[in-house]
Amino acid sequence: MAAKPVNASRLFVASCLALLVTSLTFALRAKIEGVFHDGYGLSREEIGWAFGPAFWGFAVATFVGGAILDQVKTRNVLRIAFVCHLVGLVVLLFAKDKTLLFAANVFIGFANGSVEAACNPLVTTLFPNDKTKMLNRFHVWFPGGIVIGGVLSWLLMSQLNLPWQALAAVLFVPLALYGWLFFGETIPETERVTSGVSYRDMFRHVGAPVTIIALVGFMILATSLSIAIDFNAASTWIVVALVLAAIVVESLVINKTSLLFPFTMFCMFLTASTELGTNQFTGALLDKTGIDPIIILVAVTGIMALGRYFAGPLVHRLSPIGVLFASAVVSAIGLYLYSTVSGPGSTLFAAIVFAVGICYFWPTMLGFVSEYAPQTGALGLSILGGAGMVATSCVLPVMGRSIDTAGPQQTLRFMVVLPLILIVAFGLLAAYLRNRRVENH
């Protein structure tokens, strides 16, 4: 029997619903952070530790998924995502301490990472001529889901006074829908396979896959075991220097390729931490500004969703690197404004500026790699997404500890450093790409 033809529209809708479940888990965590602090007695550092697997579990799944996607096939990675989402949500419904909360986030993080590992390459394969545009439209459903989750949390918990478990139960609806839509559909081979790039070349073009995987593995170990990294210690900076040297040697000497992908991954560490770290602690950071943090979360993510949906003309006009540079500038301004606000009006204004700054970060980073380093294939997209999530898992406990000790405003001032570094990094990246174009001509 001949295989069914590829139904690009159905597969794209199913991918969006899978990402919707992912984003709803983020909205849910943002809401229950206060419940586990006030109701169950967890410190914010403990909550940051228990939330960590949602990020490093994501990273593990994306790294593994990206490496084996073409061998085990996209449909099987999506089945893994569905089962892990189901198990994680069931465990979460019974969580009342940091151990069960941690366990639930392991499954949820692995599910979310599997969605990212499978669906990003799937979208670029389905729409090879509009990669960045369609990746932005696909990633509408990350902030879009947070808006939906924020509205549902306000309705179910604030207005109807239902327990947080009612909000968690809502996630089973889009979970069932994406499972049904993917079931029985023909899912095409990835763009890397169809373009004839070998599996070995995919790894080589990542630049330093061994060093990168070892680095991310150490970061996952450190955050899961609550190992504090002392940035004032000389040993820390010696290790950083050794890692950078290993990346340079593996990329330029062993694999004989450029540092473009490793540098992009470094940028992803900072863009993801700026966006996700801040949004996960919205409640704690803005608790005393006189405005419901859920309103801020919905405003930020609503603007992000609209910005991503209409990203096509902007990306075409500025180029991906131009969009990323502008985003770094605006997000730095937004975070600084956040750190100075004291009333509802100024807080909402700061939130709008911050939302405009971060809205293009994640999908445009993926689109940049897909366009400028397409030989990295599904592995490149997966490593990039995983790197962003594991960096966030390292930042969350640090942010939680800073909020508990130094306070929200000082924590926000500390976070401003991240987009400031990105302004320099994206400026250097733009200069590199400009020189590469000149050399090619």
Report in % the part of the accessible area of the chain that belongs to carbon and sulfur, leaving out ligands and nucleic acids; probe 1.4 Å. 69
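What pairs from 31/73; 73/131; 4/131; 73/98 go past 27 Å between their alpha carbons? Don't jump to the answer; show the numbers that get you there.
Working: 31/73 35 Å; 73/131 21 Å; 4/131 24 Å; 73/98 35 Å.
From the list (31/73; 73/131; 4/131; 73/98), the Cα-Cα distance tops 27 Å for 31/73; 73/98.
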Tell me the label only: which of (1) 23.0, 74; (2) 21.9, 71; (3) 20.6, 66 is Rg and Dmax of the Cα atoms in Å as calculated from this structure? (3)
Which residue, chosen from 171, 81, 92, occupies the Cα position most advanced towards the positive end of the dipole of segment 53-205, where the dipole is computed from +1 (Lys, Arg) and -1 (Asp, Glu) charges on Cβ about the Cα centre? 92
Per-residue accessible area for residue 43 at 1.4 Å probe radius, Å² rounded to 10? 40
Gain in span if fully extended, residue 410 to residue 161, counting 0.36 nm per residue against the direct Cα distance: 86.3 nm
Need one word for segment 51-176: rounded, prolate or oblate. Basis is the Cα gyration tensor (sqrt eigenvalues a ≥ b ≥ c); a/c below 1.5 gives rounded, then a/b vs b/c decides. oblate
Anyone know which of 326, 406, 387 comes out most mobile in the 10 Å Cα GNM of the chain? 406
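Please report Rg over Rh for segment 328-413, where both radii come from the alpha carbon positions and Rh follows the Kirkwood definition. Numbers along the way, then the final one.
On the way: Rg = 16.1 Å, Rh = 14.8 Å.
Using only Cα positions, Rg/Rh for segment 328-413 is 1.09.
Residue separation times 0.36 nm, minus the C-alpha to C-alpha distance between residue 316 and residue 76: what's the value? Don't skip to the answer; put the middle values down first.
Numbers: separation 240, 0.36 × 240 = 86.40 nm, distance 3.46 nm.
Fully extending the segment from residue 316 to residue 76 adds 82.9 nm.
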For the chain, what is the calculated [θ] at 222 nm in deg cm²/dmol (nearest 500), taking -39500 (n - 2.57) for each run of four or more DSSP H residues and dividing by its residue count? -25500 deg cm²/dmol
For segment 33-160, dividing by residue count, accessible area per residue (probe 1.4 Å) in Å² works out to 35
Considering only C-alpha atoms, what is the centroid distance from segment 353-373 to segment 105-145, in Å? 13
Inter-probe distance in nm under a simple model that places probes 7 Å from Cα toward Cβ, at residue 433 and residue 93: 4.6
Of 168, 241, 430, which has the largest mean-square fluctuation in a 10 Å C-alpha GNM of the chain? 241
Taking placed amide H atoms and a strict 5 Å upper bound, the residues 5 or more places from residue 190 or on another chain that come that close are none
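Given a cut-off of under 8 Å on Cα pairs at least six residues apart, what relative contact order in percent is computed for the chain?
26
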Highest GNM mean-square fluctuation, the chain, Cα pairs closer than 10 Å: which of 39, 386, 65? 39
Roll a 1.4 Å probe over the protein chains and send me the accessible area per residue for segment 319-384 in Å². 26
Residue 213 accessible area, 1.4 Å probe, all protein chains in place, Å² to nearest 10: 80
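The values are calculated or read from the model by the stated rules, or taken from the named source; none is laboratory data. Since the model is a prediction, treat every value here as computed from it, not as a measurement. Counting neighbours? That spans all protein chains shown, and the Cβs are built from the backbone with ideal geometry, glycine included. Ligands, DNA and RNA are excluded from the accessible area calculation, which covers all protein heavy atoms including side chains. Shrake-Rupley method; radii C 1.70, N 1.55, O 1.52, S 1.80 Å.
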